[in-house]
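Report on the following structure.
The values are calculated or read from the model by the stated rules, or taken from the named source; none is laboratory data. Keep in mind it's a predicted model, so treat the numbers as computed, not measured. Heads up, the Cβs are rebuilt from the backbone with ideal geometry, glycines too, and the neighbour counts pull from every protein chain shown.
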Amino acid sequence: MFKNFVSLLLCLCITTAAFSQIKKDTISLSEVVLKGAPIQKTIQNTAAAVAVLTAVDINKSDGLILTPILNTIPGVSMQQGALNTNRIMVRGIGARAQFGTTKIKAYFDGIPLTTGEGETTIDDLNLGAIEKIEITKGPNATSFGSGLGGVIQLFSKETPPRETFAKAATTFGSFGLLHQQYTAGYANAKSNWYSSFANVQQDGFRANSDYNRKTVNVHGKQQLGSKGKLSFLGTFTRLKAFIPSSINENDFNNNPEKAAPTWAAAKGFESYDKVLLGLAHQHQFSAKWSLQTSVFGSFKDAYEPRPFDILEDNTNTVGLRSHANFKDQLFAVPMELSFGTELLREQYKNTLYRNLYQSHPGQGSVQGEAFSSVNQNRNYSTFFVQMELQLNSKLQLETGLSFNNTSYLLANETNQNEPNSFGAVWSPRVGLSYQVSKGKHLYTSVSNGFSVPSVAETLTPQGKINISLKPELGWNYELGFKGNWLKQKLYTEIALYTTQIKNLLVARRTAEDQFVGINAGSSSHSGLEYVLRYALLNREQVQIKTYVSGALNVFKFNEFIDGDADYSGNQLTGAPQSQFNFGFDVQTKLGISWNTALQTVGKIPMNDSNTKYSDRYALLDSKVTYLFRLFKGLNAEVNAGVNNALNRKYAANILPNAVGFGTAAPRYFYPGNPVNYYGGFSVLYSF
């Protein structure tokens, strides 16, 4: 019945859309101002490849996770093994990470989501509280320090000016999905407050994949006189998510809903409470000088029973980020200067216990005695300066330089307060943007970035610090074009780039749950990215838009020797060879909209020797929404959608270089969900 309801609503909205009315959309993507950059400017005037997603884009999906949204961006790939198991890579950087996202930095309203050792988690955020996402690809964001792959910046929603509202929304779906959201906001001339609560529950397609997450967000801004503004962000997350883990090729083909046998027997899961707090102050001293400073802190208390042990850990982080801006003229040339710092100190503690699940059949994980305890202090600092010069009416110069330092202090059974510092890393950047004609810009840039090893990668199998391990360093060279055509009906972007990385960090597996890092050579990341967005119809009655985007990737090891194996010249493990996206959006004045997206992903090398590849696949998603007014001040929305409408079998995530221990086959595959449906409704009262 649920499938029939979704199908009926899809047909109804598709049929109705052509006969409805809407308000014309005259805002061009190129005119969007980048909110996260210290020196703010439009996308078109920026000498870098930057993608922007809005709440409208997020609302085209089921609202659970960013995977289908991020994957529409050429050069960005998010592999999702489960709602709590994913990996984001940008231009192939971060593709070989074993678990999670590395080498990419992320911020929520200017507060780092990236830990002191470089791991980023964004899958536990409530997407309903996000208004905008900006992604800078490659090492082009000087003021954000470490991150060869780039920077992801998320911004929270705000209440519309002079409005008070309350909203309740519920979504039901396949595999026992229940998603509830409650939001409220208040705004007047000087204050703006927005709060939300989200509850997500799902049984999951696979065994041992139950998921339960509760998230609370509070965001506020207060005007302080005519020149100052104070803002606050608070986020609380409580998660318990079971882990099916990866499976071997035979199970992937014949029994994809199966969990890995050891994880199923142990009933492995992860659970944590996480708090993120931030307070920021902005002040405009004069027409020339302004200052923005934020202080932030986070706390995470986690517990994770795994087949090989039980991990209990907690993380405490405090930090500061501040930058001053100065506008003037330099030798009669308009100039803007920004300089500042980001400081972060993190304390991490963990204890490992033996998991006695094998001696207690059917009970799942049973905690035994502790056998390891680790205390870590992680310190990260960056100091940066950026300057932009308007050389003439058409030519703009961007320059930047950052000084970065990362250090770890580790204490465990074999190391007593043994430090490890990666020294000073300087990252320069220069870019030029030239206005070829009105609405059309050509740009080029050269930039340098780096990525430090995680704490785990710095440890030898004996638990000693490997002080010879070096951070990865990379130079990025880029040439691109951004332009509007046909009276702004057509917007195009194209980018050619190559990133050359040395001191390549390679995670060598030493046990089922252990890896050591080595500097094994160099890699080359080159590619072509393109975006076309076209307004097919832009009338009072109906808007019809379409887009095409994609990437052709040439990612390879220049030099890679691991022991007796020489992988030089092989394709980079874990990264797709190509991406292609096609989207079709219809919106009507009556409140009916229809969004359809087709995503194709090329083959992915699964091991360094390139002897195994995943199959290419295509996913088709579609959603319809009907927004209508019940009476004055009270609006309602009904929506329904389908994911993987073609019911393709595909590997949603790959475990690079999986190794089979004993007689077990390697477990490379995280199966993607088959066709699944969802539908929901919401009511909004504003006054």
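Structure summary
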{"item": "Number of positions in region 73-107 that are among the charged types (D, E, K, R) and over 10 Å from the mean Cα position of the chain (by Cα)", "result": "3"}
{"item": "Ser373 vs. criteria more than 25 Å from Gly147 (Cα to Cα), modelled with pLDDT under 95, part of a strand (DSSP E or B) and hydroxyl-bearing (Ser, Thr, Tyr)", "result": "yes"}
{"item": "Contacts under 9 angstrom Cβ, first residue in region 476-496 being in contact (Cβ under 8 Å) with a residue 40 or more places away in the chain, partner among the acidic types (Asp, Glu) and buried (at least 17 other Cβ atoms within 10 Å of the Cβ), 6 or more apart", "result": "Gly480/Glu493; Gly480/Glu529; Phe481/Glu493; Lys482/Glu493; Gly483/Glu493; Glu493/Glu529; Ala495/Glu478; Ala495/Glu529"}
{"item": "Hits in region 524-550 - residues which are in a strand (DSSP E or B), charged (D, E, K, R) and over 21 Å from Val90 (Cα atoms)", "result": "Arg533, Lys545"}
{"item": "Exclusive hit being at pLDDT 95 or above, out of contact with any Phe, Trp or Tyr (no Cβ under 8 Å at 6 or more places or on another chain) and surrounded by 17 or more Cβ atoms within 10 Å (Cβ to Cβ), set Leu397, Leu410, Leu389", "result": "Leu389"}
{"item": "Candidate set: region 559-600, residues that are among the hydroxyl-bearing types (Ser, Thr, Tyr) and either outside any loop (DSSP other than H, G, I, E, B) or without any contact (Cβ under 8 Å) to a residue 12 or more places away in the chain (or both); chosen: the one nearest to Val659 (Cα to Cα)", "result": "Ser578"}
{"item": "The listed residue being more than 22 Å from the chain's Cα centre (by Cα) and within 27 Å of Leu177 (Cα to Cα), out of Ala651, Ala597, Ala636, Ala664", "result": "Ala636"}
{"item": "Qualifying residue in region 92-109 (condition: farther than 28 Å from Val446 by Cβ, among the β-branched types (Val, Ile, Thr) and out of contact with any Cys (no Cβ under 8 Å at 6 or more places or on another chain))", "result": "no"}
{"item": "Of residues in region 121-144 being surrounded by 23 or more Cβ atoms within 10 Å (Cβ to Cβ) and of a type in the set (Ser, Thr, Tyr), the one modelled with the lowest pLDDT", "result": "Thr142"}
{"item": "Strands (runs of 3 or more DSSP E) lying entirely in region 618-681 (those with 2 or more residues that are of a type in the set (S, T, N, Q) and closer than 30 Å to Lys589 by Cα)", "result": "634-643"}
{"item": "Residue within region 399-414 that is under 28 Å from the mean Cα position of the chain (by Cα) and under 30 Å from Ala266 (Cα atoms) present", "result": "no"}
{"item": "Residue in region 218-232 that is touching a His at 6+ places or on another chain (Cβ under 8 Å), touching a residue at least 12 places away in the same chain (Cβ under 8 Å) and of a type in the set (Gly, Ala, Ser) present", "result": "yes"}
{"item": "Test set (1) touching a Lys or Arg at 6+ places or on another chain (Cβ under 6 Å); (2) within 29 Å of Asn375 (Cα to Cα) - Gln79 fails condition number", "result": "(2)"}
{"item": "Options Ala551, Ala597, Ala645, Ala618; residue that is in contact with a Pro (Cβ under 6 Å, 6 or more places away or on another chain) and closer than 30 Å to Leu537 by Cβ", "result": "Ala551"}
{"item": "Looking only at region 362-373, and only at residues there that are touching a residue at least 12 places away in the same chain (Cβ under 8 Å) and of a type outside the set (S, T, N, Q), the one that is surrounded by the most Cβ atoms within 10 Å (Cβ to Cβ)", "result": "Gly364"}
{"item": "Among (1) outside any helix (DSSP H, G or I); (2) within 30 Å of Ser614 (Cβ to Cβ), the one test that Leu233 misses", "result": "(2)"}
{"item": "Given (1) crowded, with 22+ Cβ neighbours inside 10 Å; (2) closer than 30 Å to Tyr477 by Cα; (3) touching a helix residue (DSSP H, G or I) at 6+ places or on another chain (Cβ under 9 Å); (4) not polar (S, T, N, Q), index of the condition Ala198 fails", "result": "(2)"}
{"item": "Qualifying residue in region 499-519 (condition: of a type in the set (A, V, I, L, M, F, W, C), in contact with a strand residue (DSSP E or B) (Cβ under 8 Å, 6 or more places away or on another chain), within 30 Å of Thr546 (Cβ to Cβ) and at pLDDT 85 or above)", "result": "no"}
{"item": "Failed item, numbered, when Gly474 is tested on (1) at pLDDT below 90; (2) more than 19 Å from Thr115 (Cβ to Cβ); (3) buried (at least 16 other Cβ atoms within 10 Å of the Cβ)", "result": "(1)"}
{"item": "Selection within region 601-611 - assigned to a loop (DSSP other than H, G, I, E, B) and either in contact with a Lys or Arg (Cβ under 6 Å, 6 or more places away or on another chain) or buried (at least 16 other Cβ atoms within 10 Å of the Cβ) (or both)", "result": "Gly602, Lys603, Met606, Asn607, Asp608, Asn610"}
{"item": "Count of region 538-559 residues which are buried (at least 18 other Cβ atoms within 10 Å of the Cβ) and over 17 Å from Tyr491 (Cβ atoms)", "result": "6"}
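One line per residue, one yes/no per condition, for (1) surrounded by 15 or more Cβ atoms within 10 Å (Cβ to Cβ); (2) within 20 Å of Ala141 (Cβ to Cβ):
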residue: Gln292; (1), (2): yes, yes
residue: Pro305; (1), (2): yes, no
residue: Phe308; (1), (2): yes, no
residue: Phe331; (1), (2): no, no
residue: Tyr348; (1), (2): yes, no
residue: Tyr353; (1), (2): yes, no
residue: Gln358; (1), (2): no, no
residue: Gln376; (1), (2): yes, no
residue: Phe384; (1), (2): yes, yes
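One line per residue, one yes/no per condition, for (1) of a type outside the set (S, T, N, Q); (2) surrounded by 24 or more Cβ atoms within 10 Å (Cβ to Cβ); (3) part of a strand (DSSP E or B):
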residue: Ala47; (1), (2), (3): yes, yes, no
residue: Leu53; (1), (2), (3): yes, no, yes
residue: Asp57; (1), (2), (3): yes, no, no
residue: Pro68; (1), (2), (3): yes, no, no
residue: Pro74; (1), (2), (3): yes, yes, no
residue: Gly81; (1), (2), (3): yes, yes, yes
residue: Asn86; (1), (2), (3): no, no, yes
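Residue-wise test of (1) surrounded by 15 or more Cβ atoms within 10 Å (Cβ to Cβ); (2) at pLDDT 90 or above; (3) touching a Ser or Thr at 6+ places or on another chain (Cβ under 6 Å).
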| residue | (1), (2), (3) |
| --- | --- |
| Thr460 | no, no, no |
| Leu469 | yes, no, yes |
| Trp485 | no, yes, no |
| Tyr497 | yes, yes, no |
